[in-house]
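**Student:** The structure under discussion is supplied below as structure tokens; questions concerning it will follow.
The values are calculated or read from the model by the stated rules, or taken from the named source; none is laboratory data. Since the structure is predicted, the reported quantities are computational estimates derived from the model, not experimental observations. All Cβ positions, glycine included, derive from the backbone under ideal geometry; neighbour counts span all protein chains shown. The protein model used for the area step is the full one, side chains on, heavy atoms only, and it has no ligands, DNA or RNA in it. Shrake-Rupley method; radii C 1.70, N 1.55, O 1.52, S 1.80 Å.
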Amino acid sequence: MTDSLGPRLKVGVVVPSTNTSAQPELEALRPHQVTNHVGRMVIGDDSMVDEPGFDHVMHSIRNSTHPAIKSVVSCNPDTVIIGVSPESYWDGPESHERVLASMREAAGGLPVIMSPDAIKAALGAYGARRIAVITPYLPVGDDSVSRFFKDSGYDVVRIQGLGMPSPAKISHVSQSELRDVIKEIDGPDIEAIVQVGTNVAMSHVAAVAEFWIGKPVISNNTVLYWHALRQNGIQDRVHGHGSLLSEH
């Protein structure tokens, strides 16, 4: 017997408790008979304006991620999305496999989807190497993200942080602010724009922006869900949310 509402795929999603964007954005991307099931990492809305503050937020995320994963795997999902970005980039590509392995262990061996793998898969599908990156962070976070992509072999032509001072404040970035930053970092010298940070509500803006800049705009929540679907054999073309889901 299979789950009556999600017979094709049940997706576990783990996000920080401060995150109010990932759940509604991922819910809008669901194909027929695919369901999402959310667990939350309990963290405070602490300051990220300097390195000690950012380190404190990272410590809170690390301490709460495994309990959140275990809370969601009890509903027997087929795969688990880890909907948090700083943990993925903070220590560089060398540590990513170790972090991923620890997440899989907490998930009881289930497939785990994290941002670096999803973004690499998407950039590979587009054949893009020269990128501009949007983050929700101040420079202390931007530097780690830029270094991760460069160490992974990408040419980071430009990176722009949105300067959000705490995890919950990230969700306050408006669509007009996102439009403006896309215009600011775009140029003929890049092949794709990548946005990291799952509490940035950018799925809709990214899809629209592709029409007026003529190149891929990869939003964090969309790419995570796309990768989860494709890695689990769901090939549905989901329209209205950008070229990644509708063409790849």
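**Student:** Of the numbered conditions (1) assigned to a loop (DSSP other than H, G, I, E, B); (2) buried (at least 17 other Cβ atoms within 10 Å of the Cβ), S166 satisfies every one except a single condition; which is it?
**Tutor:** (2)
**Student:** Looking only at residues that are assigned to a loop (DSSP other than H, G, I, E, B) and touching a Pro at 6+ places or on another chain (Cβ under 7 Å) in the range 190-204, which one is surrounded by the fewest Cβ atoms within 10 Å (Cβ to Cβ)?
**Tutor:** Among those that are assigned to a loop (DSSP other than H, G, I, E, B) and touching a Pro at 6+ places or on another chain (Cβ under 7 Å), it is N199.
**Student:** For the range 1-113, please list each of the helices (runs of 4 or more DSSP H) lying entirely inside it that holds at least 1 residues being in contact (Cβ under 8 Å) with a residue 24 or more places away in the chain and over 19 Å from the mean Cα position of the chain (by Cα).
**Tutor:** Hits in the range 1-113: 51-73, 93-106.
**Student:** Within the range 169-189, take every residue that is of a type in the set (S, T, N, Q) and assigned to a helix (DSSP H, G or I) and give me the one that is farthest from V84 (Cα to Cα).
**Tutor:** The qualifying residue farthest from V84 (Cα to Cα) is S176.
**Student:** Quick check on this structure: which one of I119, I113, I159 is in contact with a His (Cβ under 8 Å, 6 or more places away or on another chain) and buried (at least 16 other Cβ atoms within 10 Å of the Cβ)?
**Tutor:** The match here is I113.
**Student:** Whether any residue in the range 205-223 is under 30 Å from P77 (Cβ atoms), surrounded by fewer than 16 Cβ atoms within 10 Å (Cβ to Cβ) and of a type outside the set (S, T, N, Q) is what I want to check.
**Tutor:** Looking for residues that are under 30 Å from P77 (Cβ atoms), surrounded by fewer than 16 Cβ atoms within 10 Å (Cβ to Cβ) and of a type outside the set (S, T, N, Q), one finds none in the range 205-223, hence no.
**Student:** Any idea which of E97, E105 is modelled with pLDDT under 95 and surrounded by fewer than 17 Cβ atoms within 10 Å (Cβ to Cβ)?
**Tutor:** Sole residue among the options that is modelled with pLDDT under 95 and surrounded by fewer than 17 Cβ atoms within 10 Å (Cβ to Cβ): E97.
**Student:** Identify all residues within the range 234-248 that are assigned to a loop (DSSP other than H, G, I, E, B), under 18 Å from I81 (Cα atoms) and touching a residue at least 24 places away in the same chain (Cβ under 8 Å); write none if there are none.
**Tutor:** I234 - this is the single residue of the range 234-248 that is assigned to a loop (DSSP other than H, G, I, E, B), under 18 Å from I81 (Cα atoms) and touching a residue at least 24 places away in the same chain (Cβ under 8 Å).
**Student:** Right, next: Go through V49, V73, V38 for me and flag whichever is at pLDDT 95 or above, open to solvent by 50 Å² or more (accessible area, probe 1.4 Å) and over 23 Å from A206 (Cα atoms).
**Tutor:** Just one listed residue meets the conditions, V38.
**Student:** I need every pair where a residue in the range 122-146 that is without any contact (Cβ under 8 Å) to a residue 40 or more places away in the chain and in a helix (DSSP H, G or I) has its Cβ under 7 Å from the Cβ of a residue that is open to solvent by 10 Å² or more (accessible area, probe 1.4 Å) and among the hydrophobic types (A, V, I, L, M, F, W, C), sequence separation at least 6 or different chains.
**Tutor:** These pairs meet every condition: D142/I159; S146/V156; S146/I159.
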